[in-house]
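Heads up: the structure comes next, in structure tokens.
The values are calculated or read from the model by the stated rules, or taken from the named source; none is laboratory data. Only a predicted model underlies this, so the values are computations on that prediction, with no experimental measurement involved. All Cβ positions, glycine included, derive from the backbone under ideal geometry; neighbour counts span all protein chains shown.
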There are 2 protein chains.
Amino acid sequence: MARNSFTTSLLLTLTIFITITISSSHQPLALKPKPQFFGKFASSTNHSHSHQQSNFHYETRFFQQQLDHFSFKKSPKFPQRYLINTDNWVAGSGPIFLYCGNEGDIVWFAQNTGFVWEIAPRFGAMVVFPEHRYYGESVPFGSKEAAYKNASMLGFLNAEQALADFAVLITDLKQNLSAEACPVVLFGGSYGGMLAAWMRLKYPNIAIGALASSAPILQFEDIVPLETFYDIVSNGFKRESSTCFNYIKQSWDEIESKGQTTDGLDFLTKTFNFCQKLKSTGDLWGWLESAYSYLAMVNYPYPSEFLMPLPGNPIKEVCRRIDGGPTGTSILERIYEGVNVYYNYTGEIKCFELDDDPHGLSGWDWQACTEMVMPMSCSKESSMYPPYEYNYSSFEEDCFKKFGVKPRPRWITTEFGGHNIHKVLKHFGSNIIFSNGLLDPWSGGSVLQDISESIVSLVTKEGAHHIDLRASTKNDPDWLVNQRATEIKLIQGWINDYYQESQAVYEVKIPSSLSKILSSLSKIIGF
Amino acid sequence: MARNSFTTSLLLTLTIFITITISSSHQPLALKPKPQFFGKFASSTNHSHSHQQSNFHYETRFFQQQLDHFSFKKSPKFPQRYLINTDNWVAGSGPIFLYCGNEGDIVWFAQNTGFVWEIAPRFGAMVVFPEHRYYGESVPFGSKEAAYKNASMLGFLNAEQALADFAVLITDLKQNLSAEACPVVLFGGSYGGMLAAWMRLKYPNIAIGALASSAPILQFEDIVPLETFYDIVSNGFKRESSTCFNYIKQSWDEIESKGQTTDGLDFLTKTFNFCQKLKSTGDLWGWLESAYSYLAMVNYPYPSEFLMPLPGNPIKEVCRRIDGGPTGTSILERIYEGVNVYYNYTGEIKCFELDDDPHGLSGWDWQACTEMVMPMSCSKESSMYPPYEYNYSSFEEDCFKKFGVKPRPRWITTEFGGHNIHKVLKHFGSNIIFSNGLLDPWSGGSVLQDISESIVSLVTKEGAHHIDLRASTKNDPDWLVNQRATEIKLIQGWINDYYQESQAVYEVKIPSSLSKILSSLSKIIGF
């Protein structure tokens, strides 16, 4: 069986990008197009259409951070940006809410993590959003160009170093703010959620607990079936309409065969309203696949403008349009109508551009090519995507071509675990919430069952990608209101426990002034 | 107050070396001698006089290990040596006993960790002793000379990388031996014990528990009073005889004033029977100080030949000789008689050599100059040592001169914790035994109280440096026999829990053949 493949990449969850290789088993593609990257959502703050940002006040600071925490070779420091707000902080004793910055501009994450800002006042908490190294303005070697030049410069872009950054930063911050006694609570969504969970596990001395929202820490090796992600996306469409699911499933072959006719690419370019002529059907595949995956992630119950301006339950709307054309409407016309919901809901776009800079190196692409190796396949039966069987060799080859680096596909589970996680953590660790919405394709690689009394899973049937971390809206359904209330209660419990256990020590050791603060604080947060 | 200082270093516990700076506040030393290193004990196997080694059979293998686990820059691999014995292993299901190799030749540690070899058969356990990177034969860059050349080459010698080595090695080994289902139990003494405890905390996915013997994980920053170590050494002498303690306390001034007279160094050289003329009184100080500290560490109740051939309760014997001379015996003659117990108990030495290669770079010295910054002072009141107040600046300066590196004195507690450890780990982590003998000066920096139900402390009043890990002898006192029995019981409990929790899974998933093995195994180890 002849197999050509093309590689496309997806922004998975507002924040995680992965690279997958998709191949058509029966209709070889003529070209192997350059991968597309959707890092743009996280790489600037221009795409946020929300008004929430004006409510979040913070100071922007920089910390001279160690580039390499794990060797003592001479290495330069780099400026790590962090956003900080101490307005509501009960100085010296109030908690510190630390959001684990993920792969993008920290301002964007701060803007889209309203939950942390909203609950900080009631906890008397300081809020800190440190940026992840190599993203946003936290770039070593003086410039992004230098930092992203080659494997030698990119080498220090990984999760272990990022966690150590957070640990070193917060230790320094606590000292400077006389906040040594303050409990740190971690927050994170998507890759940031993975970091939050891992940080609580690796640095219990730094943080007392973590809310890890939509954190697919099990999306490695064969811990979950490789078809999981795309099956969940597909099910999101199927549950709206099996016709819709089938139209999409048929569309790939349709595109392929059109593409192979004379003027086929012209036809497709016109049908899908691209500004420039398509270079290959693969480009169109990638454009559509991304839309479906993103739609599944942000399939929120209310209108949102997280990645794109979208109606509530956007997949419902996509399928309404796909299914809805008059008799005789072609599959491709239907697909175009549907995908317009994602790419052009406001109707302002005159024609579509394919991703602007497919040649640029993305930070997440480096991470995916080194340690964040998340294998995925597309099932021929259960998915609406073209069937694809994960092929590590070709992935490895691509990474070597791109970065001159060989991935370490087993490293993450060695360093952070994942296999048999319920058994490993049943009597180890505490105070982690894994929250997931089952509409989110990343939920399949996350923790969906309680591990222990205090490492718990909050699952919402109608939730999508870390919706709980978003600012509350007046349209929030009850289940979301309840989910957040549960999270607040759990976090409050961690903090109460922390203070109560300190109190015995305090009563002996600390001056009465601190006792008073503690006592006032206990009234504020209600224990 | 004029202060000159000289730096000496001690092998603390058979395995840990630290560098301390000692200064006489009233009698300035003429020279600042080169530091002495006692790494020789751990750096070759020649010093073991025990017969035990013949009982321990193992195969020596090498694993191609990642030099830098925490960056993805291109870096060479290096051959990590490990000793392995599978004779008693219940293949596929029996536990794996992993000794966390410390700063020296792994063969030496294997020879001196009889406990692990002795208990392996009853557990049906495989035994693995991986060597710590940069020590023994596990040296990167092709040779010790190359690896120790400068900070750039030494950069990867640290605890984080060493732990990752163990994790990667054991993951690979399990796969190759079809041992994925086998629980790993960690063992370690001294620095190796620190590694074992930290490894259980950082890699619960790799190991189910750790016996951390004489592991001073709190000997950082100001977690314990800086005088602790030398106070414990001193008390070990004082409890035998306050006269003895006082003679030693007076001897430093005596040495100093003799050294300043004409032919003073000749006199001291002769009195202390050195083969070559002393270059400074500081050399003599260092030689004596090392002896006292080592004596405290190996103050075992029975004759031993661990560092040196020694009688049982060697400090008692030292003090007997110091106190025992006829009236008119000078302090220095007394000291010489006493220290002979340590340096020449067999009487075979004709004259003493000062440490052979004071210029050679020691691996531990590098570790102490980077992350293993263990501040220590000598109390003027309670210690028998010359008073010394820890001075970080001069320590930092020395390190920079020696290695061109600036220590990170707060890094270990950031990475591994230590402050408020009882609070941090009370509801986090499980299955660690911190065992300590109170005669051991390192016990002061270790965990001496239970942290939780399963992170426990075993303290023996009469124990010295990780005596529990040594092979049993017919002279073992009851408390030692009991201590080891408790350790075995606890370890057995961890393993039982592991199998019991697996069983539910096994019953559904595993073939009956494995169930049978498991069932036989459960009979062997008695659950």
I need the full set of residues from the stretch A:417-453 which are among the polar types (S, T, N, Q) and either over 28 Å from A:Tyr300 (Cα atoms) or in contact with a Leu (Cβ under 7 Å, 6 or more places away or on another chain) (or both), in order please. A:Asn420, A:Ser430, A:Ser435, A:Asn436, A:Ser446, A:Ser452
I'd like to check something: does the stretch B:340-348 contain any residue that is of a type in the set (A, V, I, L, M, F, W, C) and either closer than 30 Å to B:Pro311 by Cβ or touching an Asp or Glu at 6+ places or on another chain (Cβ under 9 Å) (or both)? yes
Would you check if there is a residue in the stretch A:171-194 being facing another protein chain (nearest Cβ under 10 Å), surrounded by fewer than 23 Cβ atoms within 10 Å (Cβ to Cβ), out of contact with any helix residue (DSSP H, G or I) (no Cβ under 8 Å at 6 or more places or on another chain) and at pLDDT 95 or above? yes
Being in a loop (DSSP other than H, G, I, E, B), crowded, with 23+ Cβ neighbours inside 10 Å and either among the basic types (Lys, Arg) or over 22 Å from the mean Cα position of the chain (by Cα) (or both), is that true of even one residue in the stretch A:222-238? no
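Which residues, counting only those in the stretch A:422-442, are more than 8 Å from chain B (Cβ to nearest Cβ) and buried (at least 24 other Cβ atoms within 10 Å of the Cβ)?
Scanning the stretch A:422-442 gives A:Ile432, A:Ile433, A:Phe434, A:Ser435, A:Asn436, A:Gly437, A:Leu439, A:Asp440, A:Pro441, A:Trp442.
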Among the residues of the stretch A:443-458, write down those that are of a type in the set (A, V, I, L, M) and buried (at least 17 other Cβ atoms within 10 Å of the Cβ). A:Val447, A:Ile451, A:Ile455, A:Val456, A:Leu458
Any residue that is surrounded by 24 or more Cβ atoms within 10 Å (Cβ to Cβ), aromatic (Phe, Trp, Tyr), in contact (Cβ under 8 Å) with a residue 24 or more places away in the chain and at the interface with chain B (Cβ under 10 Å from one of its Cβ atoms) - is there at least one of those in the stretch A:128-141? no
Subset of the stretch A:195-241, residues within 30 Å of A:Leu169 (Cβ to Cβ) and away from chain B (no Cβ under 14 Å), comes to A:Leu195, A:Ala196, A:Leu211, A:Ala212, A:Ser213, A:Ser214, A:Ala215, A:Pro216, A:Gln219
Name every residue in the stretch A:405-421 that is closer than 22 Å to A:Ser213 by Cβ and facing chain B (nearest Cβ under 9 Å), in order of residue number. A:Thr413, A:Glu415, A:Phe416, A:Gly417, A:Gly418, A:Ile421
Filter the stretch B:148-169 down to the residues that are touching a residue at least 24 places away in the same chain (Cβ under 8 Å) and more than 9 Å from chain A (Cβ to nearest Cβ), then identify the one that is farthest from the chain's Cα centre (by Cα). B:Asn150
Those strands (runs of 3 or more DSSP E) lying entirely in the stretch B:54-99 with at least 2 residues under 29 Å from A:Asp68 (Cβ atoms) and either within 14 Å of chain A (Cβ to nearest Cβ) or of a type in the set (D, E, K, R) (or both): B:59-66, B:77-85
Given (1) within 24 Å of B:Tyr99 (Cβ to Cβ); (2) touching a residue at least 12 places away in the same chain (Cβ under 8 Å), where does B:Ser234 come up short, assuming only one miss? (1)
Where residues in the stretch B:448-476 are among the aliphatic types (A, V, I, L, M) and not in a loop (DSSP other than H, G, I, E, B), which of them is nearest to B:Ile315 (Cα to Cα)? B:Ile467
Checked against (1) modelled with pLDDT under 95; (2) in contact with a helix residue (DSSP H, G or I) (Cβ under 8 Å, 6 or more places away or on another chain); (3) surrounded by fewer than 21 Cβ atoms within 10 Å (Cβ to Cβ), A:Lys474 satisfies every condition except (2)
Matching entry among B:Ser251, B:Ser290 (being of a type in the set (S, T, N, Q), under 23 Å from B:Glu348 (Cβ atoms) and assigned to a helix (DSSP H, G or I)): B:Ser290
Test: residue in the stretch A:311-320 that is in a helix (DSSP H, G or I) and touching a strand residue (DSSP E or B) at 6+ places or on another chain (Cβ under 9 Å): yes
Out of the residues in the stretch A:388-404 meeting the condition of being touching a Cys at 6+ places or on another chain (Cβ under 6 Å) and farther than 20 Å from A:Gly445 by Cα, tell me which one is farthest from the other protein chains (Cβ to nearest Cβ). A:Cys399
Write out, first by first residue and then by second, each pair whose Cβ atoms fall under 6 Å of each other, whose residues are 6+ apart or on separate chains, and whose first residue, in the stretch B:58-77, is touching a residue at least 12 places away in the same chain (Cβ under 8 Å) while the second is surrounded by 21 or more Cβ atoms within 10 Å (Cβ to Cβ) and of a type in the set (Lys, Arg). B:Phe62/B:Arg81
Looking only at the stretch B:443-465, filter to residues that are modelled with pLDDT of 95 or more and under 16 Å from the mean Cα position of the chain (by Cα); which one of those is nearest to the other protein chains (Cβ to nearest Cβ)? B:Val447
